[in-house]
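Input: a single structure, listed below in structure tokens.
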Amino acid sequence: MRMPPSKWRLAFQGYVALIVAVVLGALASAPVIFSRARFYAETTYILGARPADDAALKDWALKQPDVVAFTTERRGEDLWFHTEYQTATRQRPSSAELAAQMRQLGYEIRGMRGGSMGLANGLREQMTGALTLAVMLAGMQVMFGFVGVNRIRAATRRGEPLPPLFPGQHGRAVAFGALGGLGLLGFGLLYEFVLTTLLGHSPPSPWDSSAVMPTQTKLVFLIFGGLGAPIAEEIFFRGYLFGKFKAAGYVGFGIVFTGVLFGAVHFSDSYNVPAICLIGVCLALLYHRTGSLLAPITAHIVNNGLAILWMILS
């Protein structure tokens, strides 16, 4: 008789699967996100002769490919300028070409004091764009679902099938899930009230940017956050990850461990991580008690969908 693997071995395997899903999700969305990011370059030149103002220089700079913003500042004999451009692969003119162009504009370059370059805007700013947000969420969700289904099938091929995902009465599972989702929503409101009371103000969240999101972005957020995420995350965290522990007889450990990992992947919302861990525990309990993944999927959809809709409308 084959002995079941230790719970720590299962935990390590689950952690590796989580890392794989996160990395694949990031790689899937990286090309689009990177292509839409804005970068900057700052350079300080030592000048001799110069025009009375820098209007012609600014006009020339803004006509360069992919340049979206350009500012200058005079610092004694130095002229500092800040350029923002749309893509990291922008072909910048060489120093000699730039010196020649500036000479035509009336500037005499005597040297350069230095410069720097980097990312002009981060992920939070990009998340106000519908396409970028859709790509980010879709890439991560597809990979979570893919890795979860792949690992479930791999366990079946090895002769170690995990608990079935959708057995029994579907209507009963959906009903229990809907009630569970409303309970989770109530818990979330209570948690936020307690946290706000303790802090004296509303806790900061990465979703605060929803206030300035255009309508298209809000719809993307509602669709992927309220529907896509519940399906993909339940397949991975409850169907695959918790299923491994349940099949091996480590139900209690599996509920807690998968809840903690579930909270860990939401680390960007740091104040709410403890609550998200508890929500993960409740979703695993719901799956364990009903025996159907439809229950936690429904609960997750109700909780996320109503919470996101309220956040957007308010």
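The values are calculated or read from the model by the stated rules, or taken from the named source; none is laboratory data. Everything numeric here is computed off the predicted structure, so don't read it as measured data. Here the Cβ positions follow ideal geometry from the backbone for every residue, glycine too, while neighbour counts run over all protein chains shown. To get the accessible areas, we keep the full protein, side chains included, count just its heavy atoms, and leave off ligands, DNA and RNA. Shrake-Rupley method; radii C 1.70, N 1.55, O 1.52, S 1.80 Å.
Within the stretch 137-157, can one find any residue that is modelled with pLDDT under 90, within 24 Å of GLY225 (Cα to Cα) and not charged (D, E, K, R)? Yes, the conditions are met somewhere in the stretch 137-157. Among the residues of the stretch 134-163, those identified as touching a residue at least 12 places away in the same chain (Cβ under 8 Å) and either in a loop (DSSP other than H, G, I, E, B) or aromatic (Phe, Trp, Tyr) (or both) are PHE144, PHE146, GLU160, PRO161, LEU162, PRO163. The residue list ARG172, ARG153 contains one member that is farther than 22 Å from ILE301 by Cα and open to solvent by 80 Å² or more (accessible area, probe 1.4 Å), which is ARG153. Evaluated against (1) open to solvent by 20 Å² or more (accessible area, probe 1.4 Å); (2) under 29 Å from the mean Cα position of the chain (by Cα), LYS7 falls short on exactly one condition, (2).
Considering ILE276, ILE297, the condition of being in a helix (DSSP H, G or I), of a type in the set (A, V, I, L, M) and free of Cβ contacts under 8 Å to residues at least 40 places away in the same chain is satisfied by ILE276 alone.
Residues considered: LEU57, LEU62. Of these, the only one that is open to solvent by 80 Å² or more (accessible area, probe 1.4 Å), of a type in the set (A, V, I, L, M, F, W, C) and under 42 Å from the mean Cα position of the chain (by Cα) is LEU62. Restricting the search to the stretch 84-115, which residues are modelled with pLDDT of 85 or more and polar (S, T, N, Q)? Within the stretch 84-115, just GLN104 meets the criteria.
Does TYR287 count as among the hydroxyl-bearing types (Ser, Thr, Tyr), buried (at least 24 other Cβ atoms within 10 Å of the Cβ) and more than 19 Å from the chain's Cα centre (by Cα)? Criteria met by TYR287. One residue alone among VAL68, VAL16, VAL22 is exposed (fewer than 15 other Cβ atoms within 10 Å of the Cβ), aliphatic (A, V, I, L, M) and in a helix (DSSP H, G or I), and that residue is VAL16. Inspect the stretch 46-54 for any residue being assigned to a loop (DSSP other than H, G, I, E, B), in contact (Cβ under 8 Å) with a residue 40 or more places away in the chain and in contact with a strand residue (DSSP E or B) (Cβ under 9 Å, 6 or more places away or on another chain) and give the result as yes or no. Looking through the stretch 46-54, at least one residue is assigned to a loop (DSSP other than H, G, I, E, B), in contact (Cβ under 8 Å) with a residue 40 or more places away in the chain and in contact with a strand residue (DSSP E or B) (Cβ under 9 Å, 6 or more places away or on another chain).
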